[in-house]
């Protein structure tokens, strides 16, 4: 009888812990997506203000504003913690200042673009710290999906940043060979993910093909500058990885 009562007690404990564990996974996913949207906003803002893009495409501004809207929504889901909402507000306010400038003035105001990307770096650092705190004891396979998504976003933003000689890199420690470091990490983790998620082999092979197509251009931006095409392919990879992560969270990782 004692053993039966103990088993029932353990079942009740597990039933109580399951919703808490799921909530923790959802919070981790929200923090990851918050960072992901931040990089998307930065990428399309850089494309929109690049001196080599003489004609401004309305779609670029629509994309970064969509990401800003998603970031605001995710912050609300997270309870608008001040350590995240404050740097986000600064990031968004600077973008609005740039948009308020005259067309020609805005296009060539690289000092403002630099301040915006600095604000993005400060926001991303705060979000990264929050993510690491939430990621303790979280599934390694889910974190691998997040890392692959994040580094794909980073190499894309670095590529767009490369055409701004007066805009610094604030979202990573600026060191020689950053492209090669990120590239090697992305390739190695792709092989790791195929082992972690054998049922998604076809999906990861498709991601590899899309990355392989754009990779030569990432490493030699001055010889074949294709900012919109690079964003198209790599953003598709990011979205697929984020969808896989959401599905993993829904299934309890």
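Values in this text are rule-based calculations from the coordinates and carry no lab data. Owing to the predicted nature of the structure, the values given are computational and were not obtained by experimental measurement. Quick reminder, even Gly has a Cβ in these numbers, built from the backbone with ideal geometry, and neighbours come from all protein chains shown.
Starting from 0.36 nm per residue, how many nanometres of slack lie between residue 77 and residue 236 once their C-alpha separation is accounted for?
54.8 nm
For residue 136 and residue 174, calculate 0.36 nm times their separation in residues minus their Cα-Cα distance, and state this gained length in nm to one decimal.
Result for the pair: 11.0 nm of gain on full extension.
How far is helix 2-48 tilted off the main Cα axis of the chain, in degrees rounded to 10, range 0 to 90?
It works out to around 0 degrees.
In what sequence, highest mean first, do 242-251, 219-228, 147-156 appear when ranked by Cβ atoms within 10 angstrom?
Ranking the peptides 242-251, 219-228, 147-156 by packing returns 147-156, 242-251, 219-228.
For a paramagnetic label modelled at 7 Å from the Cα of residue 165 toward its Cβ, which residues of segment 40-80 fall within the zone defined by backbone nitrogen distances under 16 Å?
Within reach of a label on residue 165, which here means backbone N under 16 Å from a point 7 Å along Cα→Cβ, segment 40-80 contributes 50-53.
Using 0.36 nm per residue, how much length does the chain from residue 188 to residue 129 gain when fully extended, once their Cα-Cα distance is taken away?
18.8 nm
How would you classify segment 27-250 from its alpha-carbon gyration tensor, with a ≥ b ≥ c the square roots of the eigenvalues: rounded for a/c under 1.5, else prolate if a/b is greater than b/c, otherwise oblate?
oblate
Percent relative contact order of the chain, based on C-alpha pairs within less than 8 angstrom and at least six residues apart?
Across the chain, relative contact order equals 24 percent.
If one takes the longest principal axis of the Cα atoms in the chain, at what angle in degrees, from 0 to 90 and to the nearest 10, does the Cα axis of helix 178-196 lie?
That works out to roughly 30 degrees.
Report, in degrees rounded to the nearest 10, the 0 to 90 angle that the Cα long axis of helix 227-250 makes with the longest principal axis of the chain.
10
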